[in-house]
Amino acid sequence: MMPSRESVSDKILSQKVQRGLKWEQIAEVLEQSPVWTAAALSGQCYLSPEDCAKISQLFELTEEECKVLQTYPYRGSLGETVPTDPFVYRFFEIMQVYGIAMKEVTQEEFGDGIMSAIDFTIDIDRVPDPKGDRVKITYNGKFLPYRKF
């Protein structure tokens, strides 16, 4: 029986923690960004056969586990409420696919906490591109560590 995507991701995340690996280190192996890597290995993106070969030894993946990672995932792991405005929906989609990975990478860098939405700025820039201008959105929020009490 084929393993589930969730069980393969659980195995990878468990080994990541046990071995003290950072997403940036794993991303270097895949030659991808840390956020994409975290999303992919958390089950939100699929891996090419070449990508799977690159990380197979790192995480002791079986051939069946690699096949699971090469299938197209059912993306999204947040809530069921979906915005209807197309522009707003794209942010919902981004958070569904990359939100957990962004959290993982941020907390590796800063520790256990959140980004403030109060002490926070957003910059939107137009980036000229011959294939059509692009939108560059920068979130800039103060990091707020969780405290013990």
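Fewest-first ordering of Ile118, Ile100 by other beta carbons within 10 Å of each residue's beta carbon gives Ile118, Ile100. Label-to-label distance, Lys67 versus Phe87, with points set 7 angstrom from Cα along the beta-carbon direction: 4.6 nm. This ranking places Arg19, Arg147 by how few other beta-carbon atoms lie within 10 Å of each, fewest first, which gives Arg147, Arg19.
Karplus-derived 3J(HN,Hα) values for segment 10-16, using 6.51 cos²θ - 1.76 cosθ + 1.60 with θ = phi - 60°, are 4, 4, 4, 5, 5, 5, 4 Hz; glycine and proline are entered as x. Toward the positive end of the charge dipole of the chain, with +1 on the Cβ of Lys and Arg and -1 on the Cβ of Asp and Glu, the farthest Cα among Val8, Phe110, Ala38 is that of Phe110. Sparsely packed loop sites in segment 50-128 (the chymotrypsin sites (Phe, Trp or Tyr not before Pro) outside DSSP H, G, I, E and B with at most 10 other Cβ atoms within 10 Å) comprise Tyr74.
Report the extension gain between Val135 and Leu13 in nm, rounded to one decimal, defined as 0.36 nm multiplied by the number of residues separating them, less their alpha carbon distance.
In short, 40.7 nm is gained.
Label positions at Ile124 and Phe110, each projected 7 Å from the Cα along the C-beta direction, are separated by 2.3 nm.
In the structure shown, do any of Lys16/Lys148; Lys67/Lys142; Lys22/Lys136; Lys16/Lys67; Lys16/Lys142; Lys67/Lys148 have a Cα-Cα gap over 31 Å, and if so which? Going by Cα-Cα distance, Lys67/Lys142; Lys67/Lys148 fall outside the 31 Å limit.
For Gly113, the residues whose modelled amide H falls within less than 5 Å of its own, excluding neighbours fewer than 5 places apart on the same chain, are Tyr146.
Laboratory data are not the source of any read-out in this text; all were calculated from the coordinates shown. Computed from a predicted model, the values in this text were never measured in an experiment. Note that we place each Cβ from the backbone using ideal geometry, even for glycine, and neighbour counts take in every protein chain shown.
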